[in-house]
Number of protein chains: 2
Amino acid sequence: MLIAVDAVGGDHYPENPVQGAIEATTEHSDLQILLAGPEEMIRQELDGKDFDKSRIHVLHAPEIIGMDESPSSAVKSKQASSITMGLSAHKKGKCQAFVSAGNTGALLAASTFILGKLDGVLRPTIATTYPTVKGTSLLIDAGANLELKPEMYLQFAKMGTIFYREVLGKENPTVGLLNVGEEPEKGKEEHKEAYGLLNDMDNFSGNIEGKDILFGKADVYLTDGFTGNMILKFGESIPDVLKHLVKAVMEQNSVTAEHQKLIFSILSQSLNTFNYEHVGGVPFLGVNGTSLVGHGGSSPKAIKNMIFNAVQCVENRVNEKIVASLNK
Amino acid sequence: MLIAVDAVGGDHYPENPVQGAIEATTEHSDLQILLAGPEEMIRQELDGKDFDKSRIHVLHAPEIIGMDESPSSAVKSKQASSITMGLSAHKKGKCQAFVSAGNTGALLAASTFILGKLDGVLRPTIATTYPTVKGTSLLIDAGANLELKPEMYLQFAKMGTIFYREVLGKENPTVGLLNVGEEPEKGKEEHKEAYGLLNDMDNFSGNIEGKDILFGKADVYLTDGFTGNMILKFGESIPDVLKHLVKAVMEQNSVTAEHQKLIFSILSQSLNTFNYEHVGGVPFLGVNGTSLVGHGGSSPKAIKNMIFNAVQCVENRVNEKIVASLNK
């Protein structure tokens, strides 16, 4: 299997994508990688490293889309970027998937535009893994579609169920609808209608309130992209907020240096649950291909895990199962 | 000044409302309290307590609206409840305000129905105080109106500014719009239009992303009631989640009992920021009267602070200033 990796995506390129790609080929002996980006930059990064030259290839893409560039104009104006060239190679069947830790908006726009939609899909969506005290939930939509129709909740539920089962590895993942109360009649009109549609799914577990999110009350959380984005970014801020508060309290209490060290060690380990950098990539669900995006701060390990997630999407035929589920 | 207090609202009645009322009269020598609820229950609670009998009165209201009752049907069917009788007394001018730690939905419905709207108000709203590392922000709408029109954002901004200034005591509070990005063109159509309207206010500080909420990036946070409810309940869950995670990590690390005690003490003090029980009450802004609601778990101190917040609303003529601001 050949997976294209954006060598110039994320905050730490080309080091982390290149290192993650090497580690992936070391662990997975059948895997080949196509590193997309400026060839000279990639060759320099690979230079002197120990890797199997027969399994790591380069796709020369001289342009780079920055993390803060406007997605639609960047995709239009930079036809020779790693994102557009990597996805185009995937579209032409030259590789089985494309993964990137780059500009999420640009990746969504390019994935939708270049790969197109799967048969029957109303709108592609971004799912994101969300850490909870129970492990990992999948939050859909994480910001792609700020407003949803009731039918889109149902499609996202089906796509999320398949991704969770095939890639995150749980036979019967539950699906919950984020809402302002547990009762079916709670929420806006779209939530009431969505509840009615979702209720026909065997694995729908009802409404999930804000207080239950971090406790992992369902495996797949459904919400509109506006709420999803707020919940996602709010959650990401918790570690820094807690460290700030704990530091202030320790100073007030004149805690000894030794005890401060212990407390920070315990706190850091506890907050590690919220560390998004260790998570692999998440898919654009509903596009006619396999395109995953990782956190901008992705470590080599996160890149490696994202590559493996892409492999699982392909091997377990996630898209084929999505089409079957949506059109039955 | 005479303030009506719901003696049977919240999770700990009649103890906490009665004790909070007594403490309020002890601290504030001009204050009189009207305790609304079943007379015998209130008399029994007052019995043997040290308080100024000339300043604590009872309004016999035999019915009690439970915390989990359906708001609209409870308000309709229980005409002799503490909530409906307390608010009716306020409407008739027998007291200057009504405060309760009871069923928020029932309080909103009854406040809107019995007191009516202030001149020019499109929709009354619930504001809630939101703890941040900088202190306290005010989150509007906290769940009353799940969908907002752009003009409602502007009205809520004006009402929140006045309440923050007059009751929370900051001369020039800033107002921010919760959104998925900082730029004016971010968000749904309603956010773009609201941004345009808010931009004419001197104290509008722009869009606030999810990651900035806990850092207190604005004094007043504007959002629709759906998002507000999610953010509110999500925030309330953080202390329990953190305690759960820290406990597990301490067990894994075989931390000594002495060190566990120290760590929990520091953590509890840090998480105290998120303790909603110490906060006083928050107002239903836009109703033609002064009606405040407190957390169901309100301690006597929280009830006392809610009474004082009501006093400030009246003394500082919050409603008069709201009408002037909306109609100028």
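The values are calculated or read from the model by the stated rules, or taken from the named source; none is laboratory data. Just so you know, these numbers come straight off a predicted model, no measurement behind them. Glycine also receives a Cβ, built like all others from the backbone with ideal geometry; neighbour counts cover every protein chain displayed. To get the accessible areas, we keep the full protein, side chains included, count just its heavy atoms, and leave off ligands, DNA and RNA. Shrake-Rupley method; radii C 1.70, N 1.55, O 1.52, S 1.80 Å.
DSSP beta bridges confined to the protein assembly as shown are antiparallel in about 30 percent of cases. Hull volume per residue, based on the alpha-carbon atoms of the stretch A:232-328 and their convex hull, is 127 Å³.
Only bridges with both residues in the stretch A:122-277 count here: give the DSSP antiparallel percent, nearest 5. Approximately 40 percent, going by the DSSP bridge assignments.
Here, the stretch B:113-200 has an Rg and a Dmax of 13.5, 41 Å when only alpha carbons are counted. Farthest toward the positive end of the dipole of the stretch B:155-240, out of B:Gly206, B:Val220, B:Gly169, is the Cα of B:Gly169, where the dipole comes from beta carbon charges about the Cα centre.
Output the peptides B:217-230, A:315-328, B:128-141, A:112-125 sorted from most to least packed, where packing is the average of other Cβ atoms within 10 Å over each peptide's residues.
Working: B:217-230: 25.9, A:315-328: 15.5, B:128-141: 21.8, A:112-125: 18.4.
In decreasing order of mean packing, B:217-230, A:315-328, B:128-141, A:112-125 become B:217-230, B:128-141, A:112-125, A:315-328.
Taking 7 Å steps out from each Cα toward its Cβ at B:Asn275 and B:Lys91 produces label points 3.8 nm apart.
Using a Förster radius of 30 Å, what is the FRET efficiency between A:Lys261 and B:Lys134 based on their Cβ-Cβ separation? Nearest 0.05, please. Before the final figure, lay out each step's value.
Numbers: r = 27 Å, r/R0 = 0.91.
Between A:Lys261 and B:Lys134 the formula returns 0.65.
Sorted into 10 angstrom bins from 0, the C-alpha pair distances of the stretch A:122-277 split as 11, 37, 27, 14, 9, 2 percent. Across every pair of non-identical alpha carbons in the stretch B:183-275, the mean reciprocal distance, once inverted, gives a Kirkwood radius of 16.3 Å.
For the stretch B:175-209, accessible area lost to neighbouring protein chains reaches 40 Å² or more, against the chain alone with a 1.4 Å probe, at B:Val180, B:Lys188.
When only C-alpha pairs under 8 Å and at least 6 residues apart count, what is the relative contact order of chain A, in percent? Please list the in-between numbers first.
Working: 667 pairs, mean separation 76.1, N = 328.
Relative contact order of chain A: 23 percent.
So which aspartates and glutamates can B:Lys243 reach, going by Cα to Cα under 13 Å and dropping same-chain residues fewer than 8 places off? Those aspartates and glutamates meeting the cut-off are B:Glu251.
The alpha-carbon of B:Lys49 sits under 17 angstrom from the alpha-carbons of these aspartates and glutamates, leaving out residues fewer than 8 places away in its chain: B:Glu15, B:Glu23, B:Glu27, B:Glu39, B:Glu40.
Say R0 is 35 Å: what FRET efficiency, to the nearest 0.05, do B:Asp52 and B:Ala80 get from their beta-carbon distance? Could you put the intermediate results ahead of the total?
Details: r = 28 Å, r/R0 = 0.79.
Taking R0 as 35 Å, the efficiency between B:Asp52 and B:Ala80 is 0.80.
Computed with the Debye formula from one identical point scatterer per Cα of the protein assembly as shown, without solvent, the log10 of I(q)/I(0) at q = 0.06, 0.09 Å⁻¹ comes to -0.39, -0.81.
Per residue, chain A exposes 40 Å² of accessible surface when a 1.4 Å probe is rolled over the protein heavy atoms with every protein chain present.
Taking both sides together, what accessible area is buried at the B/A interface, probe 1.4 Å, expressed in Å² and rounded to the nearest 100?
Working: alone 15240 and 15240 Å², together 25990 Å².
Using a 1.4 Å probe on protein heavy atoms, the buried area is about 4500 Å².
For the stretch A:122-277, which whole-number percentage of the solvent-accessible area (1.4 Å probe, protein heavy atoms only) is attributable to carbon and sulfur atoms? C and S fraction of accessible area: 45 percent. Here A:His60 and B:Phe215 are evaluated by their C-beta separation; at R0 = 35 Å the FRET efficiency comes out at 0.25. The overall shape of chain A is oblate: from the C-alpha gyration tensor, with semi-axes ordered a ≥ b ≥ c, the ratio a/c is 1.5 or greater and a/b is no larger than b/c. The alpha carbons of the stretch B:55-146 occupy a box of 42, 33, 31 Å along the principal axes, longest dimension given first.
Which GluC sites (Glu not before Pro) in the stretch A:171-260 sit in a loop by DSSP (not H, G, I, E or B) and have at most 12 other Cβ atoms within 10 Å of their own Cβ?
In loop regions of the stretch A:171-260 (DSSP not H, G, I, E or B), the sparsely surrounded GluC sites (Glu not before Pro) are A:Glu171, A:Glu182, A:Glu185.
Quick one: which of A:Lys211/A:Lys247; A:Lys188/B:Lys233; B:Lys94/B:Lys301; B:Lys76/B:Lys117; A:Lys217/B:Lys301; A:Lys233/B:Lys192 span more than 23 angstrom between C-alpha atoms? Over 23 Å apart, Cα to Cα: A:Lys211/A:Lys247; B:Lys94/B:Lys301; A:Lys217/B:Lys301.
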